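Here the structure is laid out as structure tokens; the discussion comes afterwards.
Where a number appears in this text, it was derived from the coordinates with a stated rule and is not lab data. Note that this is a predicted model, so its numbers are computed, not measured. Neighbour counts are summed over all protein chains in view; Cβ atoms, including those assigned to glycine, are modelled from backbone coordinates with ideal geometry.
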Amino acid sequence: MLATVTSMAVLGVEAYTVRVEVDLAPGLPAFNTVGLPDGAVRESKERVRAALANSGASLPVNRITVNLAPADIKKEGAAFDLPMALGILAASGTVPTESLPGVGVVGELALDGSIRAVRGVLPMAVRARAEGLKAVIVPRDNGPEAAVVEGLTVFVADRLGQVANHLVGREELPRARADASLLTDSRVGGGLDLNEVRGQEHVKRALTIAAAGGHNVLMVGPPGSGKTMLARRLPGILPPLSFAEALQVTQVASVAGVLPPGQALVRARPFRSPHHTISDAGLIGGGTIPRPGEVSLAHQGVLFLDELPEFKKSVLEVLRQPLESGRVTITRAAATVDFPARFMLVAAMNPCPCGFYGDPKRQCTCGSHQVRNYLNRVSGPLMDRIDIQVQVPAVPFKELSADTAGPSSEMVRQTVVAARQRQAGRLEGTGIFANAQMSTAQTREHCRLGNEGLRLLETAMERLGLSARAYGRIHKIARTIADLEGSEKIELPHLSEAIGYRSLDRVMA
């Protein structure tokens, strides 16, 4: 007898439908799984066998063939355990086959018949709704994220026996419902406030501009000057995630397996800070079946690279594509996948190997050749993609011991949100929401300079040896500064300040 159970699998951050076809045929007892299963899927037969036995059922004494269609896409993970077990029960007549159509099923089985959470349930639920399924059955811990998808009934289960009884009609599985307060929550910052950082007012100004326009930032300064403290407080001044953005962030977290059990949505902007020993696959994503890397986990948030020159050159160079396009494309023999990677890059580095080049109180022990070589570990093309470069000197004792604090993160965030609203109105209908994302044509349209501004920029280009990409980025930064000031036009002070944020171009020219 043949039974078919609808399940889902994830490729990249999108899900696709998998038909789990189970056939029971006369012959010597056997359990074969076909349809390009990986090791974890092939091992499902042992988990299914034990789970059925410990749930009061037994594996039929037949030749069992499980086909995972489409058969030309490699399947991985343990999410097919539950649909395989239900397919066997349906094919053997224990569960009515007419109860299976219109229902999607995913879940990993423990040997005792309990159901464990799996990765990627949110995109699976999105796919189930797109396929016209009326309901899905998922592990209890995955219920909240699946319930975010409107127009889909989400049943949650703890044990295989519960699901079988539900399909037979003996009991009703509980339904998961999205918590309305979580859907409207707009938590930011993780409790870190910008006014906790003493001094460095010019750096706070640079971070405010970066947050307002979605610009990338590089902070250069000696050890202990507050670079990491400032970077960790940047999410607190970014605009709150919209519901659409939160869905994107949650999908990536769900696929990567970093979404906490029972959490419906990620409401705070991500902040990722990988160690400098990370590989290029860890940063950009990869694997035989590609998985999202740190750049995708930082989607709609901040990717912080501390001690930037200590990262391998090959690792830094793979950042070029996502910084430019906001997406990562990974091609393997098995598949080509796209991951979202629209993040703000915030990097920090010392000015030289010893860290004290240019410090008025600590003597630098590096020669000029060592300083130049150290700075040149970061390539020119990558440096071009960093809009704002700001010096972070050591904080004087007078500022460290001062009782007065600067504006709070919430106050700064309000000005950032106002500037983003101006940008959203200007860029309405273009699909982008920040100045840093503007194309060349949009930059020419929205960042026009007067004759005096053009002459100032020409002088800066000649003296600093700026590239064409840096030329465009100065326009965008000046536009953001004007938005923060509420100005419709880019004035000379806005342009002058924007040029000042290309400080490393003087050193590396």
Other-chain or far-sequence residues with amide H under 5 Å of Arg291's (modelled H): Gly286
Förster radius 45 Å - calculated FRET efficiency between Ser379 and Leu28 (Cβ-Cβ, nearest 0.05): 0.10
Under the Debye formula (equal points on every Cα, no solvent term), log10 I(q)/I(0) of the stretch 11-146 at q = 0.17, 0.22 Å⁻¹: -0.92, -1.56
Proximal lysines relative to Lys74, as straight alpha-carbon distance under 30 Å, when same-chain residues fewer than 8 apart are discounted: Lys45, Lys134
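Within 14 Å, Cβ to Cβ, of Ala212, how many net charges do the neighbouring residues add up to if Lys/Arg are +1 and Asp/Glu are -1?
+4
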Distance violations [Cα-Cα > 28 Å] among Lys313/Lys489; Lys312/Lys361; Lys361/Lys476; Lys204/Lys398: Lys313/Lys489; Lys312/Lys361; Lys361/Lys476
Per-peptide average of other Cβ atoms within 10 Å, ordering 99-109, 474-484, 70-80 highest first: 474-484, 99-109, 70-80
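Counting other C-beta atoms within 10 Å, and keeping those with at most 15, which DSSP coil GluC sites (Glu not before Pro) do you find in the stretch 112-168? Let's see the in-between values first.
Numbers: sites: Glu131, Glu145, Glu150; in loops: Glu131, Glu150.
In loop regions of the stretch 112-168 (DSSP not H, G, I, E or B), the sparsely surrounded GluC sites (Glu not before Pro) are Glu131, Glu150.
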Helix-only CD estimate at 222 nm, as mean residue ellipticity for the chain, using -39500 (n - 2.57) per DSSP H run (n ≥ 4): -10500 deg cm²/dmol
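Could you give the C-alpha radius of gyration of the stretch 403-480 expressed as a fraction of 2.2 N^0.38 Å, taking N as the number of residues it contains?
Values: Rg = 15.6 Å, N = 78, 2.2 N^0.38 = 11.5 Å.
Normalised Rg, Cα atoms only: 1.35.
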Whole-angstrom gap from the stretch 32-72 to the stretch 197-238, using each part's C-alpha centre: 53
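Could you pull out the GluC sites (Glu not before Pro) across the stretch 399-492 that fall in loop regions by DSSP (anything but H, G, I, E, B) with no more than 12 other Cβ atoms inside 10 Å?
Details: sites: Glu399, Glu410, Glu428, Glu445, Glu452, Glu458, Glu462, Glu485, Glu488, Glu491; in loops: Glu428, Glu488, Glu491.
When the GluC sites (Glu not before Pro) of the stretch 399-492 are filtered for loop state and at most 12 Cβ neighbours within 10 Å, Glu428, Glu488 remain.
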The stretch 199-247: equivalent-ellipsoid semi-axes (sqrt of 5 x gyration tensor eigenvalues, Cα, Å): 24, 11, 9
